[in-house]
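One structure is given below, encoded as structure tokens.
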Amino acid sequence: MSTATTHGGPQLPQERRLLTEIPGPRSRELFARKQTAVPPGIGTTLPVFVTHAGGGVIVDVDGNSLIDFGSGIAVTNVGNAAPRVVERVRKQVADFTHTCFMVAPYESYVAVCEKLNELTPGDHEKRTFLVNSGAEAVENAVKVARHATGRQAVVAFDHGYHGRTLLTMTLTAKSMPYKHGFGPFAPEVYRVPLAYPFRWPTGPDNCAEEAAAQAIDMITKQIGAENVAAVVIEPIAGEGGFIEPARGFLPRIAEFCRANGIVFIADEVQTGFARTGHMFACEDEGVVPDIITTAKGIAGGLPLAAVTGRADLLDHVHGGGLGGTYGGNPLACEAALGVLETIEQDKLVERARHIGEIMLPRLRAIQEHNPIVGDVRGRGAMIAVELVKPGTKEPYPAADIARRCHEQGLLVLTAGTYGNVLRFLPPLVIPDHLLEEGLSILEKALNAD
Ligand SMILES: *Cc1c(COP(=O)(O)O)cnc(C)c1O
């Protein structure tokens, strides 16, 4: 049974293999069906239909094997069919699929919460509860912060992305496609500047200080610090274009929050679980959030998300005030335990750093002779290039380059407020030769201009 032809996972041949054009004829047939069954609001980055995936490849219905630089948007950090995840889920599905943790609990939920309390930044006493999606985690973090502080205002940042539900799309900065036509938005959400080094008007050197001063000034003068329940921030802005806030910005904002009784919520939905070369991205500057939201990489693709934070905040909410029917489903909890074992035993935090050490120098070398590469940035296996029209900072559309990569069998994602960022999120288990081959494809795609 466990041959490459019947299973996904790391035993799939780790090779790029193009048998047809991309997408091939079977994928095109299926895509035509998709277009009549599914609304266009559900977009498609690369219309190949998948049969297997694992290690660093995705295999499609036409037999093509593509190099994966996307991990299903930073989800399959441990791979798409990681053996420890598969084993645990297989056993669990045969034992029981659901009881509802709020009706009759089970151990795996508690074990996931204990692990997150231990692994997230800070030695203080913590609590965790589980939900289904990143957006749900962020919504719940805000609920807890409002309840515990008795305040209403929530501060989010330029270029932020926090989800697609009413509150989280309100927290999200970018109108098209996330907010356009979906208003009215949730009240009491305020937006302040983010320290975006590449685009800071006075340049990167004073960016952290100036951006923090502006953000704090807006909070104190326009909202009133005493009215603010929470500040919600991604330690690296994901959908916004992998913007690493200039060093010093995050600690300054966290310190301001502490001094003013504001709950500092780190949204680590995209940056978490070894992705950036730390278990969580906040660790890079030693920032300890009051609440941290996690999802994406947490359970290898099974729907799971978590809210972890200071015990005094989370314990503030009355019994029955939090939860949901499926939150912490037993299959997803087993998957999360398998993910955490895999990260630890296969040393994936170190592996993420190794991926960055391969990718960053090659991308910087490309930047030296290719003027459309305006900026190369990122940490660990969360890397991006920001594209510009040569000699300017005007955005160059990343989708054009992404399409060329896709045609050559390299799956890359785009991002950015200006749609001009190519982002790379390879599974942490991708073999080095596929990383190198993917970078060569990317280099050609960039140079073709
Ligand atoms: C993806 C993402 C979300 C939303 O997660 P969903 O599971 O899609 O609801 C929230 N915050 C960040 C930073 C994300 O990257």
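Going through region 383-395 one residue at a time, which ones are out of contact with any helix residue (DSSP H, G or I) (no Cβ under 7 Å at 6 or more places or on another chain) and surrounded by 23 or more Cβ atoms within 10 Å (Cβ to Cβ)?
Listed by number, the list holds a single entry, Ala384.
Would you list the helices (runs of 4 or more DSSP H) that sit entirely within region 273-377 and hold 1 or more residues that are surrounded by fewer than 16 Cβ atoms within 10 Å (Cβ to Cβ) and polar (S, T, N, Q)?
330-345
When you check Ala82 against the structure, is it out of contact with any Cys (no Cβ under 6 Å at 6 or more places or on another chain) and under 13 Å from Leu428 (Cβ atoms), yes or no? Give the derivation first.
On the way: out of contact with any Cys (no Cβ under 6 Å at 6 or more places or on another chain): yes; under 13 Å from Leu428 (Cβ atoms): yes.
Yes.
Let's see how each residue does on (1) part of a loop (DSSP other than H, G, I, E, B); (2) within 21 Å of Arg351 (Cα to Cα); (3) over 24 Å from the mean Cα position of the chain (by Cα):
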| position | (1), (2), (3) |
| --- | --- |
| His7 | yes, no, yes |
| Pro13 | yes, yes, yes |
| Ile22 | yes, no, yes |
| Arg26 | no, no, yes |
| Ile42 | yes, no, no |
| Thr45 | yes, no, no |
| His52 | no, no, no |
| Val59 | no, no, no |
| Asp62 | yes, no, yes |
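Within region 61-71, is even one residue surrounded by fewer than 24 Cβ atoms within 10 Å (Cβ to Cβ), under 20 Å from Val339 (Cβ atoms) and within 16 Å of the ligand (Cβ to nearest atom)?
yes
For region 25-50, name all the residues that are free of Cβ contacts under 8 Å to residues at least 12 places away in the same chain and under 30 Å from Arg84 (Cα atoms).
Val50
Would you mind stating whether Arg146 is in contact with a helix residue (DSSP H, G or I) (Cβ under 8 Å, 6 or more places away or on another chain) and either more than 16 Å from the ligand (Cβ to nearest atom) or small (Gly, Ala, Ser) (or both)?
Numbers: in contact with a helix residue (DSSP H, G or I) (Cβ under 8 Å, 6 or more places away or on another chain): no; either more than 16 Å from the ligand (Cβ to nearest atom) or small (Gly, Ala, Ser) (or both): yes.
Spelling it out, it is not the case that Arg146 is in contact with a helix residue (DSSP H, G or I) (Cβ under 8 Å, 6 or more places away or on another chain) and either more than 16 Å from the ligand (Cβ to nearest atom) or small (Gly, Ala, Ser) (or both).
Surrounded by fewer than 18 Cβ atoms within 10 Å (Cβ to Cβ) and either under 20 Å from Glu255 (Cβ atoms) or touching a residue at least 24 places away in the same chain (Cβ under 8 Å) (or both), is that true of Asn132?
Answer is no for this residue.
Take Cys257 and tell me if it is under 30 Å from Leu130 (Cβ atoms), assigned to a helix (DSSP H, G or I), within 16 Å of the ligand (Cβ to nearest atom) and not assigned by TED's automatic domain parsing to the domain that holds Arg351.
no
I'd like the residue in region 242-265 that is under 28 Å from Leu387 (Cα atoms), in contact (Cβ under 8 Å) with a residue 40 or more places away in the chain and not charged (D, E, K, R) and, out of all such residues, is surrounded by the most Cβ atoms within 10 Å (Cβ to Cβ).
For region 242-265, the residue satisfying everything is Ile243.
Tell me whether region 73-91 contains one or more residues that are within 16 Å of the ligand (Cβ to nearest atom) and in a helix (DSSP H, G or I).
yes
Considering only region 152-175, state which residues are among the polar types (S, T, N, Q), near the ligand (Cβ under 10 Å from one of its atoms) and surrounded by fewer than 20 Cβ atoms within 10 Å (Cβ to Cβ).
Thr165
Answer yes or no as to whether Pro47 is in the same structural domain as Val412 (by TED's automatic domain parsing) and either surrounded by fewer than 22 Cβ atoms within 10 Å (Cβ to Cβ) or out of contact with any helix residue (DSSP H, G or I) (no Cβ under 7 Å at 6 or more places or on another chain) (or both).
Criteria met by Pro47.
Contact list please: Cβ distance under 6 Å, first residue in region 372-396 and outside the structural domain of Ile430 (by TED's automatic domain parsing), second residue among the aliphatic types (A, V, I, L, M), pairs at least six apart or on different chains.
That search, which allows pairs on different chains as well, returns nothing.
So, in region 183-192, how many residues would count as being farther than 19 Å from Arg146 by Cβ and within 15 Å of the ligand (Cβ to nearest atom)?
Number satisfying all stated conditions: 0.
Kindly provide the set of residues from region 260-310 that are away from the ligand (no atom under 14 Å from the Cβ), farther than 21 Å from Ala352 by Cα and either touching a Gly at 6+ places or on another chain (Cβ under 6 Å) or not hydrophobic (A, V, I, L, M, F, W, C) (or both), ordered by number.
Within region 260-310, Asn260, Gly261, Val288, Asp290, Thr308, Gly309, Arg310 meet the criteria.
Which of the residues spanning region 184-217 are more than 24 Å from the chain's Cα centre (by Cα), within 23 Å of Ala141 (Cβ to Cβ) and assigned to a loop (DSSP other than H, G, I, E, B)?
Across region 184-217, the qualifying residues are Pro184, Pro187, Glu188.
If you check Ala195 against the conditions, is it touching a Pro at 6+ places or on another chain (Cβ under 8 Å), closer than 16 Å to Gly416 by Cα and within 14 Å of the ligand (Cβ to nearest atom)?
Answer is no for this residue.
Any chance region 184-191 includes a residue that's over 27 Å from Asn260 (Cα atoms), in contact (Cβ under 8 Å) with a residue 12 or more places away in the chain, in contact with an Asp or Glu (Cβ under 9 Å, 6 or more places away or on another chain) and surrounded by 14 or more Cβ atoms within 10 Å (Cβ to Cβ)?
Here is the first cut: in region 184-191, the residues over 27 Å from Asn260 (Cα atoms) are 184.
Next cut, in contact (Cβ under 8 Å) with a residue 12 or more places away in the chain only: none.
No, that holds for no residue.
Tally up the residues in region 404-449 that are surrounded by fewer than 17 Cβ atoms within 10 Å (Cβ to Cβ) and basic (Lys, Arg), please.
1
Name the residue, out of Gly356, Gly323, Gly328, Gly338, that is over 19 Å from Leu116 (Cα atoms), touching a residue at least 40 places away in the same chain (Cβ under 8 Å) and more than 13 Å from the ligand (Cβ to nearest atom).
Details: Gly323 fails: over 19 Å from Leu116 (Cα atoms); Gly328 fails: over 19 Å from Leu116 (Cα atoms); Gly338 fails: over 19 Å from Leu116 (Cα atoms).
Just one listed residue meets the conditions, Gly356.
The values are calculated or read from the model by the stated rules, or taken from the named source; none is laboratory data. Owing to the predicted nature of the structure, the values given are computational and were not obtained by experimental measurement. No Cβ is skipped: glycine too gets one built from the backbone with ideal geometry, and neighbour counts run over all protein chains shown.
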